[in-house]
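Each value in this text was obtained by applying a stated rule to the coordinates, not by laboratory testing. Computed from a prediction, not measured in an experiment: that's the story for all the values here. Using ideal geometry, Cβ is built from the backbone for each residue, glycine included, and neighbour counts are taken over all protein chains shown.
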Amino acid sequence: VCLPQNIDDEKEFDSWTRNIKWMKKPAPKVVMLDFRSRRDSDEKNKQIKTFRLSPKSIAERLNNPKELKIFNSTEPCKPEQQTDNVKLFKCLAGLHSAVVDAYGNLQMCLQIRHPDTVYDLRNGDLKDALTNFFPKIRQMKPENPDYLHHSNKCIIRRICEN
C-alpha cells in the first residue's frame, strides 16, 4: 500500500521485488484508499484521507498519461462518448481477483457489496462463481438516469471513489 508515510521507500521496495525469482511482473501496489463504503463515519473518513496520496501521485503510479493529464489540467472534465453498450463495471472487478468475506461470501471487489453481486460460497462453489455468476454480473447495465447522465460519462470514472 502506497501511503504518504512510506512513499520514500517505494523505489527500494520495487528494487527488492525485482529480485524475487518467481515474480514475473512488478509487484502490485494499492495506490488509492477509498472512504468507507458504508459512509457511516465522517471521523473515520477524515482519518483515511490523511493516508491517501494526492490525485496526481495516484495517476503517476497508475502510469496512465490520459488520467495524469486530467489531474494536471485546469480544464473541466469532458465526458466519454456515450455508447449503446454501456456496462456498469469498467474496472477489473471479478476478472483477475475476488474477495471472500468472513461469512463465506465471494465479492468481486471489497467496494461492491450489493446483495445481487455477492456469491454465497456456502451454497455454491468457486468454479460456478467465476465461470457463471461473475460474468453475468459484469454484463449488468446501469439503470439510474443520474448515473448515466453524470458518472458514466466521466473520463476519470475508473479512479473516482464515487
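Some notes on this structure:
- Karplus 3J(HN,Hα) series, Hz, for the range 103-109 with 6.51 cos²θ - 1.76 cosθ + 1.60 (x for Gly, Pro): 9, x, 9, 9, 10, 5, 6
- Computed E for LEU148/ALA102 - FRET, C-beta separation, R0 45 angstrom, nearest 0.05: 0.85
- Amide H contacts of ASP120 (H built 1.01 Å from N, under 5 Å, at least 5 apart or other chain): LEU106
- Label-to-label distance for GLU10 and LYS127 is 4.2 nm, based on points extended 7 Å past Cα in the beta-carbon direction.
- Over 26 Å (Cα to Cα) - which of LYS25/LYS56; LYS21/LYS49; LYS49/LYS141; LYS29/LYS56; LYS87/LYS127 fall in this group: LYS21/LYS49; LYS49/LYS141
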